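Below: the structure, in structure tokens.
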């Protein structure tokens, strides 16, 4: 599938990619000069490798992320809108120019400094998606403080763990957050979190909903009061390229979440560059990444990447289906959004509501549609292309991780011939391969471990306070490579297809099958909205498939429907993929970023409930008990 519009050509991509791998010194020098303003040029582009793990980028270079996001645009674009704020209430909208953003960030930075925050100090940000959240991040960057953003939906316990691990000396929060019909008591959660921490931690409090909240005059400061006396100018801290920029926590199946550390220089170069090339960004575009700033996508593609490119970036306080399932498309029309970047989870949920909600809107401004967070099922991709994009918008299906800092695999607009569901090509500087557990490269169309064989500028610097885990988890599994933890295959055209996490491969009667492939087959059934596939032990087959299925609106579970779904799966894959059990339910356990937590589904399906692991990232923890109860009822009935 090819769409013809102006972007870099396939020939240009191939030449640039070849140079990035074969002449990285000159390639990355050129990109760093093109995308970033440096106070002092670097002495050396790169040093170190995946074996020594002493990797450094733009060594000796001096810069400041906030300067690159704001100050350098003031001469040419002072009145250009930097941020569009779309409130939870559709009547609330605010535009902030680059000049206004400069003043707001300087004032916030000066308030931070008045609280004793300096370069290298860790600051937790626990905020709704309001302008002050972006301003707080940029203010930290301006003075060299290391921010750790905690998603505002996280519990007090999850917040406490992150504040303690990062040893934060200050928390920036609000009275409450709003998302749809729900409010979350952020200040109350902060108070609970800090009550379990021995050291005194200061709090800067933003008035958002106006709710009554507790106030400790010894530690708490109302921002609107401190703002009055804050100076509108604040110098930028000169940062070394390898200085820590931010810590972002990502949770695993067991143990505490990992604090992923990114440094300033390489991250910023890669963020700006990927935003420009992968979204084919033009200076007049209105750009909207729907991710919350609590996730790496919000960091890289809501704030730092777009603002480095002097873009207009939309930030959204609400949810895509409030007050109606047409909201996301109404926002596109309201602000004439040209580039939309969202998650397959949201697309699936909106697809389940039916096409009529989309058809109520125009969406004629859209040019690029992006997906992020997990592989998008080909059937859902096709709906996104056909219905949302009216078969005229280019889709960038991106693959990357918190640890990678930026997009690693993606189509390049108008250069890549589209294949629904394919993550497509490696970005510049990235070389990837599919290999077995010993590191041997596998033949085409064979599922195996996805590993990256070349360093890239935005890769993680370390795991905070745990260098050994950093080495063991990512670089010791298959020596000489970055181990992604994902399975994939590469087709005859060298396109990469992500098939799921390494632990999402099921061996049925000697046949290895990825859960992602089976889930794709389920989603081709017209009545299926979402599905989570896990394995169960099987006396004869070794393993069998257990499917948790959410049906589309108005569809009802029945024996006939179950048989119809099974027939569809057998037709799409083979009899080997026949699920042993289909569990119809209303919801699935999902992280705050919308990913289905399949490890929990597996524990529930197998009645392994003694240790559910880290559940702090769940958006809907109540569903765990519901599913456990449903499983027990089904077992007893049988």
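The values are calculated or read from the model by the stated rules, or taken from the named source; none is laboratory data. A quick note: this is a predicted structure, and the numbers were derived from the prediction, not measured. Neighbour counts are summed over all protein chains in view; Cβ atoms, including those assigned to glycine, are modelled from backbone coordinates with ideal geometry.
Each row is one residue, and each column tells you yes or no for (1) surrounded by fewer than 22 Cβ atoms within 10 Å (Cβ to Cβ); (2) farther than 30 Å from residue 31 by Cα; (3) not assigned by TED's automatic domain parsing to the domain that holds residue 259.
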| position | (1), (2), (3) |
| --- | --- |
| 422 | no, no, no |
| 436 | yes, yes, no |
| 440 | yes, yes, no |
| 445 | yes, yes, no |
| 448 | no, yes, no |
| 451 | no, no, no |
| 456 | no, no, no |
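Residue count for the range 163-177 satisfying the condition of being surrounded by 24 or more Cβ atoms within 10 Å (Cβ to Cβ) and farther than 17 Å from residue 206 by Cα: 2.
Each residue in the range 1-46 was checked for being farther than 20 Å from residue 426 by Cα, over 28 Å from the mean Cα position of the chain (by Cα) and assigned by TED's automatic domain parsing to the domain that holds residue 418, and 6 of them qualify.
Only one entry in 99, 114 is over 17 Å from residue 71 (Cβ atoms) and surrounded by fewer than 23 Cβ atoms within 10 Å (Cβ to Cβ), namely 114.
Could you list all residues from the range 503-528 that are assigned to a strand (DSSP E or B), touching a strand residue (DSSP E or B) at 6+ places or on another chain (Cβ under 9 Å) and surrounded by fewer than 18 Cβ atoms within 10 Å (Cβ to Cβ)? Scanning the range 503-528 gives 507, 512.
Look at the range 31-42: where a residue is at pLDDT 95 or above, no partner that is surrounded by fewer than 13 Cβ atoms within 10 Å (Cβ to Cβ) sits 6+ places away or on another chain with Cβ atoms under 8 Å.
Taken as a whole, the structure leaves residue 109 outside the set of residues that are closer than 30 Å to residue 454 by Cα and either under 27 Å from the mean Cα position of the chain (by Cα) or buried (at least 19 other Cβ atoms within 10 Å of the Cβ) (or both).
Considering every residue within the range 399-409, establish whether at least one is over 30 Å from residue 46 (Cα atoms), crowded, with 19+ Cβ neighbours inside 10 Å and modelled with pLDDT of 95 or more. So that I can check it myself, show each step before the final result.
We begin by selecting, within the range 399-409, every residue over 30 Å from residue 46 (Cα atoms); these are none.
Scanning the range 399-409 turns up no residue that is over 30 Å from residue 46 (Cα atoms), crowded, with 19+ Cβ neighbours inside 10 Å and modelled with pLDDT of 95 or more.
Identify, please: which residue in the range 74-87 is surrounded by fewer than 23 Cβ atoms within 10 Å (Cβ to Cβ) and within 28 Å of the chain's Cα centre (by Cα) and is, among those, farthest from residue 318 (Cα to Cα)? The selected residue is 80. Where helices (runs of 4 or more DSSP H) fall entirely within the range 537-638, those with at least 1 residues that are more than 30 Å from residue 295 (Cβ to Cβ), modelled with pLDDT under 85 and in contact with a helix residue (DSSP H, G or I) (Cβ under 8 Å, 6 or more places away or on another chain) are at 559-572.
Residue count for the range 136-159 satisfying the condition of being surrounded by 21 or more Cβ atoms within 10 Å (Cβ to Cβ) and assigned to a helix (DSSP H, G or I): 10.
Looking at the range 172-268, the strands (runs of 3 or more DSSP E) lying wholly inside it that each contain 1 or more residues that are in contact with a helix residue (DSSP H, G or I) (Cβ under 7 Å, 6 or more places away or on another chain) and farther than 23 Å from residue 296 by Cβ sit at 202-206.
Taking the criterion of being surrounded by 13 or more Cβ atoms within 10 Å (Cβ to Cβ) and in a loop (DSSP other than H, G, I, E, B), the residues of the range 38-55 that qualify are 38, 41, 42, 48, 49, 50, 53, 55.
Scanning the range 366-389 for residues that are in a helix (DSSP H, G or I), farther than 20 Å from residue 335 by Cβ, touching a helix residue (DSSP H, G or I) at 6+ places or on another chain (Cβ under 6 Å) and free of Cβ contacts under 8 Å to residues at least 60 places away in the same chain yields a total of 2. Of all the numbered requirements in (1) within 27 Å of residue 82 (Cβ to Cβ); (2) modelled with pLDDT of 95 or more; (3) buried (at least 18 other Cβ atoms within 10 Å of the Cβ), residue 358 misses one, and that requirement is (1).
If the condition is being over 30 Å from residue 129 (Cα atoms) and either crowded, with 17+ Cβ neighbours inside 10 Å or in the same structural domain as residue 149 (by TED's automatic domain parsing) (or both), then the range 574-596 contributes 577, 579, 582, 583, 584, 585.
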